[in-house]
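Let me begin by presenting the structure, written as structure tokens, before commenting on it.
We did not get these values from a lab; they are worked out from the coordinates using the rules stated. Source: prediction; values computed, not measured. Methodologically, a virtual Cβ is constructed for each residue, glycine included, from the backbone with ideal geometry; neighbour enumeration extends over all protein chains shown.
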Amino acid sequence: MLASLRIFLAAVVCCVAACSTAILSPAGPIGRAERTILLDSLGIMLVIVVPTIAAILGFAWWFRASNRRARYLPTWAYSGQLELLVWSIPALVILFLGGIAWLASHDLDPARPLVSRSRALEIQVVSLDWKWLFIYPEQGIASVNHIVAPVGVPLHFSITSASVMNVFFVPRLGSEIYSMYGMVSQLNLQADQPGDYPGLSAHFSGDGFSDMTFDLEAVTPEQFSAWSQAARATGPTLDEAAYRELLHQTQGVAPYTYRRVATTLFHDIVTKMLPPGDGPHGGDPSPAASPRPGQ
């Protein structure tokens, strides 16, 4: 039975790991650490599950009606040794799971900077209805529904919402976190392998929620530098007027970039100096509209 269980679990892990958004197929240090926690927790819980299943089957077989060797004890009521066994194993499981949760909650604190020789890349994130705005304050550019980041470089995200509460999540990099209007959440991630990593909104926010996705493209530092230079050469400017236009509810927005961003834009959004979005019931969304200026 144990062999069959191992085969089943291995098949499940392989199937899930094959998915492009699988949390069991991490591409960064936070994702790998979280996968370790999940697998360790699973192993600890199986310490109860597997013996319990084996005991049920064993008792059913041993105390079958045809087994004359089984002792029938109708007056049996208590065993101190059995009570100790029954309560000690769950207590140890809770102790181990609690220890893992305690250590991980400190080691994987989303606001805790990653240890690296490279300087973190600052990215400011704004969740809107129903799209994502990513501002690169050091590069002076911005993008919608698309992140480009260098491989092996820590990414420091400052995350807020221009509308209702939402959740920023790149499954293969780990650690989803809420975006809230008038507040800033801190998140540190890193991609160690080049590739495209799907990101999503993990909190229902209205009609366009299902299309509120983005891609994180991990590239070499040279490719990132080339992309940022190309972004600065083309596209509109993200000033207050452009941001107010971006607030309009839209669905299925194709990615595009802004060549220049107002210096205090993110601060003005967080401090509510700019108006909030309409929310899920505040406007008439355009099903396939793109807010790209000039279209």
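State, as an integer percentage, the relative contact order of the chain based on alpha-carbon contacts under 8 Å between residues 6 or more apart. Let's see the in-between values first.
Numbers: 530 pairs, mean separation 56.3, N = 295.
Relative contact order of the chain: 19 percent.
Calculate the FRET efficiency for residue 68 and residue 93 from the Cβ-Cβ distance with a Förster distance of 30 Å, rounded to the nearest 0.05.
Values: r = 37 Å, r/R0 = 1.23.
It comes to 0.20.
Mind giving me the FRET efficiency for residue 240 and residue 102? R0 is 35 Å, r the Cβ-Cβ distance, nearest 0.05 is fine. Each step should come with its number before you reach the end.
Working: r = 45 Å, r/R0 = 1.29.
Calculated value: 0.15.
So for 85, 114, fewest C-beta neighbours within 10 Å to most, what's the order?
Result, fewest neighbours first: 85, 114.
Would you be so kind as to identify all helices of the chain, as entire DSSP H runs, whose Cα atoms reach 20 Å or more along the helix's own axis and whose mean Kyte-Doolittle hydropathy is at least -1.0?
Numbers: long enough: 2-17 (22 Å, 2.39); 29-62 (49 Å, 1.36); 80-107 (40 Å, 1.31).
Long hydrophobic helices here: 2-17, 29-62, 80-107.
First check a/c for the stretch 92-171, with a ≥ b ≥ c the square roots of the eigenvalues of its C-alpha gyration tensor; if it is under 1.5, answer rounded, and if not, answer prolate when a/b is larger than b/c or oblate otherwise.
Cα axes put the stretch 92-171 in the oblate bin.
Within the chain, what percent of beta bridges assigned by DSSP are antiparallel, to the nearest 5?
Values: 28 of 44 bridges.
Taking every DSSP beta bridge with both residues in the chain, the antiparallel ones total about 65 percent.
Could you work out Rg/(2.2 N^0.38 Å) for the stretch 20-107, with Rg from alpha carbons only? Could you put the intermediate results ahead of the total?
On the way: Rg = 19.8 Å, N = 88, 2.2 N^0.38 = 12.1 Å.
Ratio of Cα Rg to 2.2 N^0.38 Å: 1.65.
Listing 75, 220 from the residue with the fewest other Cβ atoms within 10 Å to the one with the most, what is the order? Don't skip to the answer; put the middle values down first.
Values: 75 4, 220 12.
By the 10 Å Cβ count, ascending, the order reads 75, 220.
Using every pair of alpha-carbon atoms in the chain, split the distances into 5 Å bins beginning at 0 and state the percent of pairs per bin, rounded to integers.
Bin by bin from 0 Å, the calculated values are 1, 5, 10, 13, 14, 13, 10, 7, 6, 5, 4, 4, 3, 3, 2, 1, 1, 0.
Which cross-chain or sequence-distant (5 or more) residues have an amide H under 5 Å from the amide H of residue 216, H modelled 1.01 Å from N in plane?
Close amide H contacts, sequence-distant or interchain: 147, 197, 199.
What per residue convex hull volume, in Å³, comes out for the stretch 121-270 when only alpha-carbon positions are used?
Numbers: hull volume 13.8 nm³, N = 150.
Convex hull of Cα atoms, per residue: 92 Å³.
Can you compute the helix-only [θ] at 222 nm over the chain? Use -39500 (n - 2.57) per DSSP H run of at least 4 residues, normalise by all residues, nearest 500 deg cm²/dmol. Write out the running numbers ahead of the final one.
On the way: 6 runs with 104 residues, N = 295.
When only DSSP H runs of four or more count, the value is -12000 deg cm²/dmol.
Cut-off is 10 Å between beta-carbons; in what order do 272, 131 appear when sorted fewest neighbours first? The partial results should precede the final answer.
Values: 272 10, 131 25.
In increasing order of surrounding Cβ atoms, one gets 272, 131.
Based on the alpha-carbon gyration tensor of the stretch 131-176 and its eigenvalue square roots a ≥ b ≥ c, which shape applies: rounded if a/c is under 1.5, prolate if not and a/b is larger than b/c, or oblate? Could the numbers behind the result be given before it?
Working: a/c = 1.91, a/b = 1.13, b/c = 1.70.
In terms of gyration-tensor shape, oblate.
How would you classify the stretch 45-196 from its alpha-carbon gyration tensor, with a ≥ b ≥ c the square roots of the eigenvalues: rounded for a/c under 1.5, else prolate if a/b is greater than b/c, otherwise oblate? Walk me through the numbers before you get to the answer.
Values: a/c = 3.49, a/b = 3.29, b/c = 1.06.
In terms of gyration-tensor shape, prolate.
Between the stretch 49-91 and the stretch 172-198, what's the alpha-carbon centroid distance in Å?
48 Å
For residue 210 and residue 254 in one chain, what is 0.36 nm times their gap in residues minus the Cα-Cα distance, to one decimal in nm? Don't skip to the answer; put the middle values down first.
On the way: separation 44, 0.36 × 44 = 15.84 nm, distance 1.43 nm.
Going from the current span to full extension adds 14.4 nm.
Quick one: work out the % antiparallel among DSSP beta bridges in the stretch 62-179, nearest 5. Please list the in-between numbers first.
Working: 12 of 19 bridges.
Given both bridge residues lie in the stretch 62-179, the antiparallel proportion sits at roughly 65 percent.
Treating only the Cβ atoms of Lys and Arg (+1) and Asp and Glu (-1) as charged, compute the dipole magnitude of the chain about its Cα centre; round to the nearest 20 debye. The partial results should precede the final answer.
Numbers: 18 positive and 22 negative charges, 266 e Å.
In total the dipole reaches around 1280 debye.
Per-residue counts of other Cβ atoms within 10 Å, averaged by peptide: what ranking do you get for 35-46, 257-268, 94-105, highest first?
Top to bottom by mean Cβ count within 10 Å: 257-268, 35-46, 94-105.
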